[in-house]
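Accompanying notes for the structure given below.
The values are calculated or read from the model by the stated rules, or taken from the named source; none is laboratory data. Because the structure is predicted, anything quoted here is derived from the model rather than measured. We place every Cβ from the backbone using ideal geometry, glycine too, and count neighbours over all the protein chains shown.
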Amino acid sequence: MENIRNFCIIAHIDHGKSTLADRLLEFTGTLNERQMEAQVLDNMDLEKEKGITIKSHAIQMKYKLDGQEYILNLIDTPGHVDFSYEVSRSIAACEGALLIVDASQGIEAQTISNLYLALEHDLEIIPVMNKIDLPHAMPEEVTDEIVELIGCKREDVIRASAKEGKGIEEILQAVVRRIKAPKGDPKAPLQAMIFDSVFNSFRGIEIYMRVVNGTIRKGDKITFVNTGQEYFAEEIGVLKLDKQPRSEISAGNVAYLISGIKVASEVHVGDTITHPDRRGESLKGFEEVKPMVFAGIYPVDTTEFEELRASMEKLKLNDASLVWELETSAALGFGFRCGFLGMLHMEIIQERLEREFNMTVITTVPSVEFKAFLTDGEELSVNAPSEMPDPTRINYLEEPYIKAQIISKSEYIGPIISLCMDKRGVIKNQNYLTTDRVEMSFEMPLSEIVFDFFDKLKSISRGYASLDYQLIGFRESDMVKLDVMLNGEKVDALSAIVHRGKSHEWGRKLCEKLRELIPRQMFDIAIQAAIGQKIVARENLSAIRKNVLAKCYGGDISRKRKLLDKQKKGKKRMRQIGSVEVPQEAFMAILKIE
Ligand code: GDP
Ligand code: MG
């Protein structure tokens with residue numbers, strides 16, 4: 001155990017975590033050159049395409065220093081604001097963290113939030129300034145910022161270039177010398193913390209765990225402290241680029257476990273694994289996940305509901321932050337009301353359902369959670385517009401507020417403040433990090449920030465501003481339900497809860513947007529927005545005059561087939577609502593309103 005080091009890499013997105021992880025694997029000979037493809041740890045297709053790390057991954061390396069061989073377990077973590085839940089789970093499995101800061105960008109909002117998470121878990125922090133090769137790197141200024149932030153010495157900050165392989169050996173030495181070896185007693189009753197799991201269709205569920213106390217052996221009878229079921233440890237081992245089976249794993253190690261579990265709901269991330277005949281206590285679990293955004297997910301084909309349920313259960317195994325309950329919609333039938341950590345998370349869940357499980361789904365208008373205080377004294381939680389009680393029964397409503405930290409170059413202060421005010425925000429604090437970089441904090445409604453705020457912030461600051469936020473509680477707010485009707489028929493899945501002051505304007509813009517997004521059909525369609533009984537906006541979508549196929553009259557069969565195929569494809573994410581076909585984009589229209 002003396003020779004084990006468990007560590008993670010934390011950083012703001014794009015500061016170079018994954019590239020640095022690749023260099024560490026390369027330097028320690030964990031991978032040979034043939035195995036070395038760029039960013040091996042981002043092995044999910046989606047991660048490669050988006051160039052971001054979504055899941056945390058663990059990998060073991062060997063490193064020799066002063067004649068001793070050390071085992072280094074590295075856990076890579078995602079940096080986007082939506083995934084801080086993944087970060088906190090990885091952090092709980094480590095004793096130290098490399099804090100990477102881009103030498104050309106300096107400290108950003110998530111550098112700070114991840115650092116706080118690591119400090120809460122008492123991790124040893126090794127500051128690394130990456131990308132020193134860049135011509136516009138500002139090593140002295142950025143070192144000042146780091147020293148100021150974590151209170152270390154200037155010489156503690158390691159200068160590195162993950163791209164050119166500089167500073168890698170110094171980082172490995174610091175991991176061995178500065179991070180503590182794990183504590184724990186291999187002879188004590190077994191306590192292993194589940195920090196991740198993934199569904200493998202051949203072998204059942206794979207569990208990733210940190211053994212905190214005791215020893216687990218192949219073939220052991222084991223149990224989960226919180227769920228109580230018993231299993232056999234069919235296979236245990238360590239995670240290199242692939243899985244390497246071992247006959248036993250003891251305290252201090254990061255490992256995997258396969259016990260043929262097929263039912264996703266039996267495995268809970270945060271649960272403790274122990275022996276039924278010599279029980280260890282439950283380890284302190286992880287923080288509860290707090291979903292920020294709620295939206296309905298429905299199968300495009302209503303007969304695929306059960307299949308969608310099974311797919312969501314499997315996905316949840318690999319993403320414990322996904323939560324849902326059943327929901328029925330008059331327009332869309334049976335589906336799920338899901339909670340997400342943010343809009344990027346929602347987008348990723350939808351894409352993973354489609355790619356990994358071959359499901360075609362519709363997601364409905366996202367919403368935050370409101371609280372309704374009724375005239376009879378009851379308090380209701382409202383996660384969807386359809387749950388909004390009748391206005392005559394409502395005494396008042398509350399909506400969630402957040403505290404946002406924004407770090408930016410000082411020249412963008414003006415536009416950032418006006419953007420925040422437009423989003424009903426109030427500035428609370430302003431603090432210069434250096435002469436031309438400023439940290440601002442605002443209080444504003446969560447509903448204004450979760451949808452497109454981040455994109456707007458990036459565009460007004462030419463990409464320079466970074467954002468982090470935390471919930472601070474609920475505050476009274478004047479919200480109303482905005483309904484949409486297509487040919488007089490209310491479409492529940494298109495309703496939204498909006499601030500009264502903006503409601504008429506939103507109704508008008510929403511109708512305009514829907515008119516652009518809903519394809520013209522064989523008949524006229526009236527698109528209306530209403531608040532209660534009152535119609536606040538109306539647009540008309542006129543019928544198509546000619547059948548598209550008429551164009552190829554008498555003609556060419558292959559061209560006709562192509563057109564039909566094209567129509568079929570276009571239909572993939574459409575739902576028939578009453579007589580009207582509505583595409584996926586329409587459900588997101590409310591987010592695109594300027
Ligand atoms: P992550 O989001 O923190 O995992 O960051 P990545 O490792 O994906 O890196 C983000 C971008 O920065 C990629 O385009 C990398 O090629 C680039 N990058 C990473 N490290 C360096 C470095 O040391 N120097 C330079 N010039 N670019 C780097
Ligand atoms: Mg990455």
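Got a sec? Which strands (runs of 3 or more DSSP E) wholly within the stretch 323-365 have at least 1 residues that are under 14 Å from residue 301 (Cβ atoms)?
Strands (runs of 3 or more DSSP E) meeting the threshold: 333-340, 361-363.
What tally of residues in the stretch 344-361 results from selecting those that are surrounded by fewer than 22 Cβ atoms within 10 Å (Cβ to Cβ) and of a type in the set (A, V, I, L, M, F, W, C)?
Here the count works out to 4.
Can you list residue pairs whose Cβ atoms sit under 6 Å apart, with the first residue in the stretch 2-14 being assigned by TED's automatic domain parsing to the domain that holds residue 103 and the second being at pLDDT 90 or above and within 12 Å of ligand 2 (Cβ to nearest atom)? Count only pairs 6 or more apart in sequence or on different chains.
Cβ pairs passing all conditions: 11/100.
Quick grid of which residues meet (1) more than 16 Å from ligand 1 (Cβ to nearest atom); (2) out of contact with any Pro (no Cβ under 9 Å at 6 or more places or on another chain):
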site	(1), (2)
121	yes, yes
130	no, yes
137	no, yes
149	yes, no
156	yes, no
169	no, yes
200	yes, yes
203	yes, yes
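May I ask you to list the residues in the stretch 382-407 that are in contact with a strand residue (DSSP E or B) (Cβ under 6 Å, 6 or more places away or on another chain) and surrounded by fewer than 19 Cβ atoms within 10 Å (Cβ to Cβ)?
Matches in the stretch 382-407: 389, 393, 394, 395, 396, 398, 403.
Could you count how many residues in the stretch 178-216 are outside any strand (DSSP E or B) and in contact with a strand residue (DSSP E or B) (Cβ under 8 Å, 6 or more places away or on another chain)?
14
Go through 369, 387, 411, 399 for me and flag whichever is over 18 Å from residue 469 (Cα atoms) and under 27 Å from the mean Cα position of the chain (by Cα). I'd like the intermediate steps shown before the answer.
Details: 369 fails: over 18 Å from residue 469 (Cα atoms); 411 fails: under 27 Å from the mean Cα position of the chain (by Cα); 399 fails: over 18 Å from residue 469 (Cα atoms).
Within the list 369, 387, 411, 399, the selection yields 387.
Let me spell it out: the conditions are (1) surrounded by fewer than 20 Cβ atoms within 10 Å (Cβ to Cβ); (2) at pLDDT below 85; (3) assigned to a helix (DSSP H, G or I), and residue 317 meets all of them except one. Which number is the exception?
(1)
Mind checking whether some residue in the stretch 385-396 is closer than 18 Å to residue 474 by Cα and among the hydroxyl-bearing types (Ser, Thr, Tyr)?
yes
Check 126, 171 and return the single one that is under 21 Å from residue 96 (Cβ atoms) and in a helix (DSSP H, G or I).
Every option except 171 fails the conditions.
Residues that are of a type outside the set (A, V, I, L, M, F, W, C) and closer than 22 Å to residue 290 by Cβ, at least 2 per element: which strands (runs of 3 or more DSSP E) completely within the stretch 427-495 meet that?
Fully inside the stretch 427-495 and qualifying: 437-445, 466-477.
Every residue in the stretch 242-270 that is in a strand (DSSP E or B), surrounded by fewer than 22 Cβ atoms within 10 Å (Cβ to Cβ) and of a type in the set (Val, Ile, Thr), please.
Across the stretch 242-270, the qualifying residue is only 258.
State all residues of the stretch 481-495 that are of a type in the set (Asp, Glu) and at pLDDT 90 or above; if no residue qualifies, say none.
483, the sole residue that qualifies.
Go through the stretch 144-171 and give me each residue that's over 28 Å from residue 63 (Cα atoms) and in contact with a strand residue (DSSP E or B) (Cβ under 9 Å, 6 or more places away or on another chain).
144, 145, 147, 148, 149
Quick check on the stretch 217-233. Is at least one of its residues under 29 Å from the mean Cα position of the chain (by Cα), within 21 Å of residue 185 (Cβ to Cβ) and not in a strand (DSSP E or B)?
yes
Taking the options 72, 20, name whichever one is more than 15 Å from ligand 1 (Cβ to nearest atom) and modelled with pLDDT of 70 or more.
72
Could you list, ordered by first residue, the pairs with Cβ atoms under 6 Å in which the first is in the stretch 390-413 and outside the structural domain of residue 12 (by TED's automatic domain parsing) and farther than 30 Å from residue 480 by Cβ and the second is small (Gly, Ala, Ser) and part of a strand (DSSP E or B), at least 6 apart or interchain?
405/441; 407/466
Could you please tell me which pairs satisfy a Cβ distance under 6 Å, a separation of 6+ or placement on different chains, a first residue in the stretch 140-154 that is assigned by TED's automatic domain parsing to the domain that holds residue 100 and among the charged types (D, E, K, R), and a second residue that is at pLDDT 90 or above and assigned to a helix (DSSP H, G or I)?
154/143; 154/147
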